[in-house]
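Since the structure comes first, as structure tokens, the remarks are kept for the end.
The values are calculated or read from the model by the stated rules, or taken from the named source; none is laboratory data. The shown structure was predicted, so the numbers you read here are calculated from the model rather than taken from an experiment. Because the Cβ atoms are built from the backbone with ideal geometry, glycine has one as well, and the counts that use them run over all protein chains shown. Calculation scope for accessible area: heavy atoms of the full protein, side chains included, ligands and nucleic acids excluded. Shrake-Rupley method; radii C 1.70, N 1.55, O 1.52, S 1.80 Å.
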Amino acid sequence: MSAKLTVVRSGALTTVQDAGRRGHAHLGVPRSGAMDAPAMRLANRLLGNDPDAAVLETTLTGCALRPDHGVTVVAGGAPCPVTVDGRPVAWGAPVHVPAGALLNLGAVTAGVRTYLAIAGGVAAEPVLGSRSTDLLSGLGP
């Protein structure tokens, strides 16, 4: 069963991203996708996800989420403090988050974007073959 994640704190900018929409520029649709694709792919690989599975991309200030079912996650990209119910957990390694626990990604300590990969990926409806949010065109979740 897939977990639903309640956003407790969205941070400055948290979006759903994947590898983006390639091949639609002739329609005026930008590629979009993760700003740091190698970091996104590594976080996904650490979970056994498809490397281009959708993730949450946070900018500078992180985010906080509460799953309704237990989930395994990896925080990658720009390093930041990660806690589960206030207890520090590993950054860059799989971490189990029990149902109802608060997963908090803090402000980055270096860099700009942190990627939160979730086992199984983020299940958002694809638009033109991608689950990426594109703020300029209004496409995606």
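Evaluated over the Cα positions of region 2-51, the convex hull gives a direction-averaged projected area, one quarter of its surface, of 5.2 nm².
Ellipsoid semi-axes for region 69-125, based on the Cα gyration tensor and the rule √(5λ), read 18, 15, 9 Å when sorted largest first. Measure nothing fancy, just the Cα-based angle from helix 37-47's long axis to the longest principal axis of the chain, in degrees from 0 to 90, nearest 10. With rounding to tens, the tilt is 50 degrees.
For region 18-71, the fraction of 1.4 Å probe accessible surface lying on carbon and sulfur atoms is 59 percent. About its Cα centre, the chain has a charge dipole of approximately 80 debye under the convention of +1 per Lys or Arg Cβ and -1 per Asp or Glu Cβ, with nothing else charged.
When the inverse distances between all different Cα atoms of the chain are averaged and flipped, the Kirkwood radius reads 14.9 angstrom. Within the shell of other residues whose beta carbon sits under 9 angstrom from the beta carbon of Ala101, the net charge comes to 0, with Lys and Arg scored +1 and Asp and Glu -1.
Ordered from largest to smallest accessible area (heavy atoms of protein chains, 1.4 Å probe), the residues Ser2, Ser10 come out as Ser2, Ser10.
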